[in-house]
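These notes concern the structure reproduced below.
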There are 2 protein chains.
Amino acid sequence: MADINPSNKIPARPQKGLYLRKQDLRRGIELMFFAYRDFTGEADDVLAELGLGRAHHRVIYFVGRQPNMTVSDLLTILKITKQSLSRVLSHLVAEGYIRQEQGARDKRQRLLSLTYRGEDLEERLTDLQCKRFAAAFSACGGEAVAGFQDVLANLINEDERAALQARYPDLFE
Amino acid sequence: MADINPSNKIPARPQKGLYLRKQDLRRGIELMFFAYRDFTGEADDVLAELGLGRAHHRVIYFVGRQPNMTVSDLLTILKITKQSLSRVLSHLVAEGYIRQEQGARDKRQRLLSLTYRGEDLEERLTDLQCKRFAAAFSACGGEAVAGFQDVLANLINEDERAALQARYPDLFE
DNA sequence: TATTATTGGTCAACATGGCTGACATAAATC
DNA sequence: GATTTATGTCAGCCATGTTGACCAATAATA
């Protein structure tokens, strides 16, 4: 019997690449949700024991990465309002995780850095997340890691990607 | 002048693979943060106009993906408390995005599905995120997409990954 | 069958961390 | 010097997590 229906062989739409089917794009959405949920989960548990939350973690992480940064710097990275940041930051200063010094050039600025206590916590949290990445990277291999980095970089807003590249030259290799 | 310090040529630690250096793992952390932030940003804006939040989006997305699912099903996916879910869900039902029917086999259950209004919103939001993925995937190519999927899958908790595989067989190819 | 345990869901109250608005102070500009 | 701009704070609102107490339907068991 002849194959009357050509749809068995010829795709209905022009084939732009198998990874661009709706199903594959939805898989991207779902993997991002599940991976992010678990990626942050362990650190959240540690933070909860200390009476801190994910917002505190972000501040500690980025201040640790770039000591003596200003509040404004943090705001452009976190993309939250300075009022939101202020609450979290005040808490971290009060609890002795973060130290702030008045800026020499501009006295309005408060330069942020981690105390020893802050460094300890940062290391503990970062180690947790790094271990997860090390396991995943090991399981997948270098090619996959490169692809992972490439896709994530391209999910970032274009203008934002340029700004990040200027701030963190090694973020995109 | 002879090269006295060998650290210029010989790595301090055994070389487990270039993508497992601390720097690369931290890049993973940072890319996840920035990519997730922007990946959710556009949809958040649409939701905000409708007086909804990201929590509502998650419910709409997963109910759309699997109509007639129960509240319990949703809970195991979202990993939040049923009290949290209840508030969001009640709101969505009140606003006419979601319909709930009593379960036939078990009258305690309420089977969830999208109304036409809910379907419209789901499509609008999913399209936004799919477009972002389509652009990123196109820019990076199929190899990168495969690596992206592989790494994300391996970032998910192992037990959870098994459970997801059972629920969504096509999530991991 | 009657009782008990489990499962599915709701209501109330609290905490975190977003948000806006009003404001103080330092610096830059006119 | 007066105004404008930038940095940061305080107060209060809202969304969305949390726990605890509870009700109803079903399943398990004495």
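Coordinate-derived values only; no laboratory data. Remember, it's a predicted structure, so these values are computed and weren't measured experimentally. Methodologically, a virtual Cβ is constructed for each residue, glycine included, from the backbone with ideal geometry; neighbour enumeration extends over all protein chains shown.
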**Complete:** Rounded to 0.05, the calculated FRET efficiency for the beta carbons of B:I80 and A:A94 at R₀ = 25 Å is 0.25
**Asked** At B:D170, label 7 Å along Cα→Cβ: distances to the other copies, nm, ascending?
**Response** 4.2
**Fill in**
Looks like the stretch A:110-159, by Cα gyration tensor root eigenvalues a ≥ b ≥ c and the a/c under 1.5 rounded cutoff (else prolate when a/b is bigger than b/c, oblate otherwise), is oblate
**Complete:** Between the alpha carbon centres of the stretch A:13-64 and the stretch B:135-173 the gap in Å comes to 12
**Request:** With a point put 7 Å past each Cα toward its Cβ, work out how far B:A135 is from A:R117 in nm, to one decimal.
**Result:** 4.4
**Asked** Cα-based Rg (one decimal) and Dmax (whole number) for the stretch A:15-85, in Å?
**Response** 17.2, 52
**Acute angle (nearest 10 degrees) that the helix A:22-49 long axis makes with the longest principal axis of chain A, alpha-carbon atoms** = 30
**Prompt:** Under a GNM of chain A (C-alpha, springs under 10 Å), which listed residue has the highest mean-square fluctuation: A:Q149, A:Q23, A:Q83?
**Reply:** A:Q23
**Request:** State the percent of C-alpha pairs, over all pairs in the protein assembly as shown, separated by a distance greater than 25 angstrom.
**Result:** 61
**Message:** How far, in nm to one decimal, is A:S72 from itself in the other copies if the label point is set 7 angstrom along Cα toward Cβ? Shortest first, please.
**Reply:** 5.6
**Message:** In chain A, once you exclude exposed trypsin sites (Lys or Arg not before Pro) (DSSP loop, at most 16 other Cβ within 10 angstrom), what's the longest stretch remaining?
**Reply:** A:109-173
**Request:** Just list whichever of A:K82/B:K82; A:K79/B:K82; A:K82/A:K107; A:K79/B:K131 have alpha carbons separated by over 26 Å in the model shown.
**Result:** A:K82/B:K82; A:K79/B:K82
**Request:** With label points built 7 Å along Cα→Cβ from the Cα atoms of A:D45 and B:A162, find their separation and express it in nm.
**Result:** 1.7
**Item:** Relative frequency of Cα-Cα separations exceeding 23 Å in chain A, percent
**Value:** 56
**Message:** Under the rule of at least 5 residues apart or a separate chain, name every residue whose amide H is placed under 5 Å from the amide H of A:T115.
**Reply:** A:I98, A:R99
**Complete:** Between A:L128 and A:D106, the two model label points (7 Å from Cα along the beta-carbon direction) sit apart by a distance in nm of 3.4
